[in-house]
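These notes concern the structure reproduced below.
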Amino acid sequence: MGGRTNNKAVYFDKLKGLLEEYKSIFIVTVDNVSSQQMHEIRRSLRGEGVVLMGKNTSYGKQTTSIKKPLDSFSLRVNQVRRAIKGFISDFPEYERLLPHVRGNVGFVFTNGDLKQTREKILSNRVAAPARAGAVAPLDVFVPAGNTGMEPGKTSFFQALGVPTKIARGTIEITTDLKIVEAGSKVGASEATLLNMLNISPFTYGMGISQIYDQGQTFAASVLDIEESQLLKAFTSAITTIATVSLAINFPTLPSVMHSLVNSYKNVLAVAVETDYSWEGIDELKDRIQNPDKYGSAPSGGDAPTTTDEAKPVEEEEKKDEEEEEEDEDMGFGLFGDD
C-alpha cells in the first residue's frame with residue numbers, strides 16, 4: 001500500500017514539474033497507434049518536447065510502463081486529472097485542461113514552435129487495412145478497373161452492390177463506388193472486399209484534440225491562421241470601431257486620430273473665412289487667394305512660349321496670302337476683259 005502511495009507521489013511530482021517547465025501542451029489521441037509509431041514520434045520530438053501517456057492507455061499491443069524514462073513517463077488519466085485539480089490552487093489556468101483530459105489521450109509538452117511540433121506529431125502515419133467493426137474516419141471508395149479475380153467471385157461483388165462485368169476472363173468493376181461512409185462502422189463483407197482488392201483505406205497516427213498554450217486552449221486548426229489574416233481582421237475591426245465611434249460621437253482609441261484631424265480641418269476652414277491667423281495659416285490663405293503665385297513657371301530652356309509659336313504661323317499665312325494675290329493679278333492681266 002505504501003509503495004502505491006509512493007508511486008502516486010512520484011507521478012504528481014513529475015507531472016507538476018512538466019506543467020511548470022513547459023508552457024504549451026498538445027492533448028493527443030492515440031487510437032490505433034502502434035508502439036513503433038510511438039517510438040518514432042518520441043524520437044522526432046527528442047530535445048523539443050516530452051511525451052506523456054496515460055498508464056492505462058494502450059497503443060498497438062504495448063502498454064506504457066512506469067519504468068520508462070521521463071520522455072515516455074506514464075500516468076493514469078484519472079490520476080492526471082486528480083493531479084491537475086490539486087495544482088489549480090497554485091496554477092488556476094490549468095483548470096482549462098480538465099474538460100479535455102478524458103478517454104484515450106496523451107500529452108506532448110513543449111516550449112518550441114507550435115506549428116513545427118504539430119507537424120512532427122502528425123507526420124508519422126501508416127496505412128492500415130480496414131477491419132470489421134472499425135469506425136471509418138473517411139469515405140471509402142472502390143475504384144473502377146480490372147480486379148484480376150476469376151468470374152466465380154462475381155456473386156460476392158453483387159451482394160455488396162458493386163457493378164461489375166466480365167472482361168478477358170476476369171471481374172472488372174465498371175464504376176467507382178462508395179462502399180463505406182465516414183463515421184460508420186466497417187462491415188465484415190466490406191472489410192473482406194477491401195482486403196481482397198489490397199486496399200488499405202485508412203491511415204493511423206497521433207491526432208490532436210486540443211492545444212493548451214499559456215492559459216488558453218484552442219483547436220489545432222487555429223495554427224493554420226496566418227499572421228496576415230490576423231492583421232487583416234484586426235485592421236478591419238479597428239476601422240469598424242472608428243466608423244461607429246465617429247458616427248455616434250463616442251470617443252474611442254481608434255477614433256481619436258480621426259477626430260483630431262477632422263477638428264483641425266474645421267479650425268482651418270474657420271481661419272480661412274475670418275481674419276484669425278497664426279503661424280502657418282497665413283501661407284495657406286495666400287495660396288488660396290493667389291494660386292498663380294505658387295504655380296511652377298517654365299524654365300528658359302523649356303518649350304517655346306505661345307507667342308513664339310504663333311509668330312512663324314502668322315508669317316507663313318501672310319506669305320501664302322501674298323502669293324495668292326500675285327497669282328490673281330497675273331491672271332487678270334492675261335485673261336481678263338480689256
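The values are calculated or read from the model by the stated rules, or taken from the named source; none is laboratory data. Since the structure is predicted, the reported quantities are computational estimates derived from the model, not experimental observations. Counting neighbours? That spans all protein chains shown, and the Cβs are built from the backbone with ideal geometry, glycine included.
Key figures
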read-out: Residue under evaluation GLY331, criteria (1) modelled with pLDDT under 50; (2) exposed (fewer than 10 other Cβ atoms within 10 Å of the Cβ), criterion not met; value: (2)
read-out: Residue tally, condition over 30 Å from SER34 (Cβ atoms) and either modelled with pLDDT under 85 or part of a loop (DSSP other than H, G, I, E, B) (or both), over segment 120-147; value: 1
read-out: In segment 28-46, residue nearest to the chain's Cα centre (by Cα) [restricted to those that are outside any helix (DSSP H, G or I) and at pLDDT 85 or above]; value: VAL28
read-out: Residue ranges of strands (runs of 3 or more DSSP E) in segment 171-221 with at least 2 members in contact (Cβ under 8 Å) with a residue 60 or more places away in the chain; value: 202-204, 207-213, 216-218
read-out: Candidates ASP224, ASP292 - the one that is surrounded by fewer than 10 Cβ atoms within 10 Å (Cβ to Cβ) and either modelled with pLDDT under 85 or within 30 Å of THR29 (Cβ to Cβ) (or both); value: ASP292
read-out: Tabulated pairs, segment 144-163, first over 13 Å from LEU177 (Cβ atoms) and assigned by TED's automatic domain parsing to the domain that holds ASP176, second among the aliphatic types (A, V, I, L, M) and loosely packed, with under 15 Cβ neighbours inside 10 Å, C-beta under 7 angstrom, 6+ apart or interchain; value: ASN146/ALA167; PRO151/ILE166
read-out: Segment 256-275: number of residues that are within 38 Å of the chain's Cα centre (by Cα) and of a type in the set (A, V, I, L, M); value: 4
read-out: Any chance SER89 is exposed (fewer than 13 other Cβ atoms within 10 Å of the Cβ), closer than 30 Å to GLU181 by Cα and of a type in the set (Ser, Thr, Tyr); value: no
read-out: Qualifying residue in segment 118-131 (condition: in the same structural domain as SER35 (by TED's automatic domain parsing) and without any contact (Cβ under 8 Å) to a residue 60 or more places away in the chain); value: yes
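Residue by residue, here is whether (1) in contact with a Phe, Trp or Tyr (Cβ under 8 Å, 6 or more places away or on another chain); (2) closer than 29 Å to GLU40 by Cα; (3) surrounded by fewer than 11 Cβ atoms within 10 Å (Cβ to Cβ) holds:
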{"residue": "SER155", "(1), (2), (3)": "no, no, yes"}
{"residue": "GLY161", "(1), (2), (3)": "no, no, yes"}
{"residue": "THR170", "(1), (2), (3)": "no, no, no"}
{"residue": "ASP176", "(1), (2), (3)": "yes, no, no"}
{"residue": "GLN214", "(1), (2), (3)": "no, yes, yes"}
{"residue": "PHE234", "(1), (2), (3)": "no, no, yes"}
{"residue": "ILE241", "(1), (2), (3)": "no, no, no"}
